[in-house]
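The next block holds one structure in the form of C-alpha cells; read it before the comments.
The values are calculated or read from the model by the stated rules, or taken from the named source; none is laboratory data. Every value quoted in this text rests on a predicted model; they were computed, and no experiment measured them. All Cβ positions, glycine included, derive from the backbone under ideal geometry; neighbour counts span all protein chains shown.
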Amino acid sequence: MRAARADWTDEEHDPEGFTLTFAWQQAEGARGEHLAELRELEAAGSRVDAGRFGICASCGLPIPHAQLELRPARTTCVSCAGTSPAGRR
C-alpha cells in the first residue's frame, strides 16, 4: 500500500485515489491503536518489575483478577475507574 500510495499524487483524478487514501487512513488508525496498546503493556511490565502490578493507582487496593484478565494494562480498580478521569482506561 505504501508503494502504491507513493506513486500517485492526484487523488481527485485517480480512480484508485479514494480507495488508497481510505485504506491508508484505516491502516494508520490501527497502527496508532496498536502502538498505544503496546505502550500501555510496556508500562504494565514496568509495574510488574516494581511490584506494583495489579494495585490500583488511585486507592492502592488490589485490582480484581478478572479485570486484569480482561485488560492487563489496567491501572485502576473498578470503583476508582468510575470516579477518576485518569482511571477510565
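Quick check on residue 66: is it on the phi < 0 side of the Ramachandran plot and either assigned by TED's automatic domain parsing to the domain that holds residue 79 or modelled with pLDDT of 95 or more (or both)?
Numbers: on the phi < 0 side of the Ramachandran plot: yes; either assigned by TED's automatic domain parsing to the domain that holds residue 79 or modelled with pLDDT of 95 or more (or both): yes.
Criteria met by residue 66.
The residue of segment 47-78 that is farthest from residue 33 (Cα to Cα), among those that are touching a Phe, Trp or Tyr at 6+ places or on another chain (Cβ under 9 Å) and not in a loop (DSSP other than H, G, I, E, B), is 47.
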